[in-house]
Number of protein chains: 2
Amino acid sequence: MTDATFILVDGEPREMIAVLDRGLMYGDGVFRTIRLEAGRAVWWPDHLAKLAADCARLGLACPAPELWAADLQRLCAQAQNGVIKLMVTRGVGSRGYRPPQAARPSRIALLAPLPEWPASLWQTGVTVRLCELRLGRQPRLAGVKHLNRLENVLARAEWDDPGIHEGLLLSEEGHVISGVSSNLFLYRAGELLTPRLDDCGVAGVARGRVLQAAIARGVTVREQDLTLDDVLAAEAVWLTNSLIRVWRVARLGDRVWPQTGMDSVMREFVHG
Amino acid sequence: MTDATFILVDGEPREMIAVLDRGLMYGDGVFRTIRLEAGRAVWWPDHLAKLAADCARLGLACPAPELWAADLQRLCAQAQNGVIKLMVTRGVGSRGYRPPQAARPSRIALLAPLPEWPASLWQTGVTVRLCELRLGRQPRLAGVKHLNRLENVLARAEWDDPGIHEGLLLSEEGHVISGVSSNLFLYRAGELLTPRLDDCGVAGVARGRVLQAAIARGVTVREQDLTLDDVLAAEAVWLTNSLIRVWRVARLGDRVWPQTGMDSVMREFVHG
């Protein structure tokens, strides 16, 4: 984010953080990526709830909602549209892995420009590849958007081709888990399917919104183990995250998916 | 390391680093912990080699040896004894997991006081416990001392008792891998055994020194899968890292190990 326009650390405009912060030392923290649109942080209550839940998973004291609201207000004063990133780290601690008893978490909020995607991407759909890196199994961290993201970095480093929009990640056991920075949905025989994230992966806010909306509208939804064969056999495939909201997958290798009637339903789930 | 006395970032005395550094954003970097003793960085050539090797594993450009040597000289001018920590991160990059093409790595060197351990610890030996957290399998990162250390943080958070000196970590498959911040050696039937680290764990410099010294002196050494039963059945157990060098394990639960003749041999391997 060299192009970031505005950073707040503990509520103060600052671009630097202590070298000794455990966020840097050990990746001891969590983060959120949020879409700022027309001056509003999209899905803010969901993001706040997820941030608190992820902090709890690591035994981190999540800063109070009022503090985040104040940060958000200052970020939103800078631009109408953009990407907001929020981070909580365990702050500066004594030497060693042991989390300090009296840790004062660091609270970081930053605003960067929204990436530009062609407006036609929804019609054309996106092209995905299969990553070689397999996600390791770690139930203690699965689902959490923590700062230990080397697996994602190594997976994203696998391709250069700008025509590839996302890479699919498999678990060690060969289950499809997600994209490198997105969650995955399949449609098959009237059911909406998404991978179980008990062992690895990040349970994103967009994913949660889709699940809730689908259930509310009577669509059968299953979180389950899915294989690459399940993806190839699906009638439709989508990727979701808080920035893109939803992308229709048009191609994976030789497999091509045409647009279907479910695409607009899926879009409605995410936007509605 | 609130008690750190001196920090260099890219060769300049500074206590802060950019929030946008990928070391903080993603744990995209590696580190070393080195003992400063009598004004000298112990095992310096080994640490330099390991730092370069770990950078290569992540596709990071490791800063030149002359730069590290200059940093080291400035740190060593501050104290005769202490802990030196070196870090390399992928530096500030554009938004997203993709490693920037023209990344300029950040080089961090810091000096902190050496922890104080009772001089009697070698005679009495240390008490270890078994951690509940299991290390996830990730061959792409195994052996590397990278900045994604949440597993170690969560494992170290499992105990408070100051009478417990270290926790043993098992892999998912139930193999003993290491301590939370140390490598593990067993002695049994004339052979020195240490866990294989192809799937998880960190291959420390002290471990490498012991392996080399043992082989040079004609001791049979095996890197292999080891179980907790192997630990309990061992005639002697040791932990190694660059700060403690070697600790004799005296107790794990009900199992107690007396001092043996091999203890002094092991000490010689590490100190010699």
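The values are calculated or read from the model by the stated rules, or taken from the named source; none is laboratory data. It should be emphasised that the depicted structure is a prediction, and the values quoted were computed from it without experimental measurement. No Cβ is skipped: glycine too gets one built from the backbone with ideal geometry, and neighbour counts run over all protein chains shown.
Given A:L111, A:L141, A:L130, A:L154, which one is within 8 Å of chain B (Cβ to nearest Cβ), in contact with a strand residue (DSSP E or B) (Cβ under 7 Å, 6 or more places away or on another chain) and either farther than 22 Å from A:L243 by Cβ or modelled with pLDDT of 95 or more (or both)?
Numbers: A:L111 fails: within 8 Å of chain B (Cβ to nearest Cβ); A:L141 fails: in contact with a strand residue (DSSP E or B) (Cβ under 7 Å, 6 or more places away or on another chain); A:L130 fails: within 8 Å of chain B (Cβ to nearest Cβ).
A:L154 is the lone residue from the list that is within 8 Å of chain B (Cβ to nearest Cβ), in contact with a strand residue (DSSP E or B) (Cβ under 7 Å, 6 or more places away or on another chain) and either farther than 22 Å from A:L243 by Cβ or modelled with pLDDT of 95 or more (or both).
Only residues that are touching a strand residue (DSSP E or B) at 6+ places or on another chain (Cβ under 6 Å) and among the basic types (K, R): list them for region A:157-200, please.
Result: A:R196, single match.
Is it the case that some residue within region A:209-224 is buried (at least 19 other Cβ atoms within 10 Å of the Cβ) and under 21 Å from A:T127 (Cα atoms)?
no
Say we look at region A:92-108 and pick out the residues that are facing chain B (nearest Cβ under 7 Å) and not in a loop (DSSP other than H, G, I, E, B); which of these is modelled with the lowest pLDDT?
So the residue we want is A:V92.
What do you reckon, is A:V210 in contact with a Phe, Trp or Tyr (Cβ under 6 Å, 6 or more places away or on another chain) and within 14 Å of chain B (Cβ to nearest Cβ)? Outline the logic, then answer.
Numbers: in contact with a Phe, Trp or Tyr (Cβ under 6 Å, 6 or more places away or on another chain): yes; within 14 Å of chain B (Cβ to nearest Cβ): no.
Against the criterion (in contact with a Phe, Trp or Tyr (Cβ under 6 Å, 6 or more places away or on another chain) and within 14 Å of chain B (Cβ to nearest Cβ)), A:V210 does not qualify.
With a cut-off of at least 1 residues that are surrounded by fewer than 21 Cβ atoms within 10 Å (Cβ to Cβ) and without any contact (Cβ under 8 Å) to a residue 24 or more places away in the chain, name the helices (runs of 4 or more DSSP H) lying wholly within region A:1-83. Full working, then the answer.
On the way: elements: A:22-26, A:44-58, A:65-76.
Here the list reads A:44-58, A:65-76.
Which of the numbered conditions does A:L169 fail, given that it passes all the others? Conditions: (1) closer than 30 Å to A:L72 by Cβ; (2) crowded, with 21+ Cβ neighbours inside 10 Å; (3) hydrophobic (A, V, I, L, M, F, W, C); (4) away from chain B (no Cβ under 11 Å).
For A:L169, the failing item is (1).
Quick test for you: out of A:L86, A:L121, pick the one residue that is buried (at least 21 other Cβ atoms within 10 Å of the Cβ) and more than 8 Å from chain B (Cβ to nearest Cβ).
On the way: A:L121 fails: buried (at least 21 other Cβ atoms within 10 Å of the Cβ).
Among A:L86, A:L121, only A:L86 is buried (at least 21 other Cβ atoms within 10 Å of the Cβ) and more than 8 Å from chain B (Cβ to nearest Cβ).
Name, by its number, the condition in (1) within 11 Å of chain A (Cβ to nearest Cβ); (2) in contact with a Ser or Thr (Cβ under 6 Å, 6 or more places away or on another chain) that does not hold for B:F31.
Evaluating B:F31 over (1) within 11 Å of chain A (Cβ to nearest Cβ); (2) in contact with a Ser or Thr (Cβ under 6 Å, 6 or more places away or on another chain) leaves (2) as the failure.
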